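Just so it is clear, none of the values below were taken in a lab; they were calculated from the coordinates. Computed from a predicted structure; not experimentally measured. Cβ: placed from backbone, ideal geometry, glycine included. Neighbour counts: every protein chain shown.
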């Protein structure tokens, strides 16, 4: 039987999503171990997207095949066997051809910046510091330059395995909440490191370190050397996976 689940996790103490031979603590490994204890057999879990080390999720979608237990019982059985920093929020039976990654139409990542002089400790794992003088209006205007179908090669990590580096960004918006800035990016797909590269570039624009016109130059020249340093992983959260194309 195929199952579809929605996962939330704190990425701080995980070495990313994907199982790795040299990193025992990954989200995928933790979830597969817990499911194996419940199902009595190995279970392979597939995610809508592979988050990097330190990146969080509120709405990661996964699928897996298992037998002998109903979805409601499975949810109650697996969560106590998971560590505190990853839990299933929902778990249901799915069509046998459902694929969490291949069926996804878009994803929304949110990057959280704080211009506070001191970030409260209980929130420090999820907010990245930004200069108190960073200009929210400038960041919001510059963010629009990322919208549309663009070649994001220069905003991706070297060695990204993909047939094309062109991605369509449906929206790239900044919301100001007092000293805090939330950058929300909705795209049909993300290259490795792409969301953090966008956030890092926009942070430098907001701080006045580079002109917003640099964004267009990076796209035109496809030069990774021009891109600004990636923003810290701790500020990034995979918030939602869409299975219908969102409105632009």
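Percent antiparallel among DSSP beta bridges with both residues in the chain, to the nearest 5?
Numbers: 44 of 48 bridges.
Within the chain, antiparallel bridges account for around 90 percent of the total.
Ranking 201, 157, 51 by Cβ neighbours within 10 Å, fewest first, what do you get?
Working: 201 29, 157 14, 51 26.
So the residues, fewest neighbours to most, are 157, 51, 201.
To test your reading of the geometry: what angle, between 0 and 90 degrees and rounded to tens, separates the Cα axis of helix 27-39 from the longest principal axis of the chain?
10 degrees
So how many Å³ per residue does the convex hull of the Cα atoms of the stretch 2-93 work out to? It would help to have the intermediate numbers written out before the result.
Values: hull volume 7.4 nm³, N = 92.
Given the Cα convex hull of the stretch 2-93, per-residue volume reads 80 Å³.
Among 169, 210, 27, what is the fewest-to-most ranking by other Cβ atoms within 10 Å?
Working: 169 24, 210 18, 27 29.
Ascending Cβ contact count within 10 Å gives the list 210, 169, 27.
Which whole-number percent is the relative contact order of the chain (Cα, under 8 Å, 6+ apart)?
Taking the mean separation of contacting Cα pairs over the length of the chain, I get 24 percent.
What is the calculated FRET efficiency for residue 79 to residue 162, with r their C-beta to C-beta distance and R₀ = 22 Å, to the nearest 0.05?
E(calc), rounded to 0.05, equals 0.05.
Run the helix sum for the chain: -39,500 (n - 2.57) per DSSP H stretch of 4+ residues, divided by residue count, reported at 222 nm to the nearest 500 deg cm²/dmol. Let's see the in-between values first.
Details: 5 runs with 51 residues, N = 248.
The per-residue figure over the chain is -6000 deg cm²/dmol.
Sticking with the crude label model, points 7 Å out along Cα→Cβ, report the distance from residue 217 to residue 44 in nm, one decimal please.
4.7 nm
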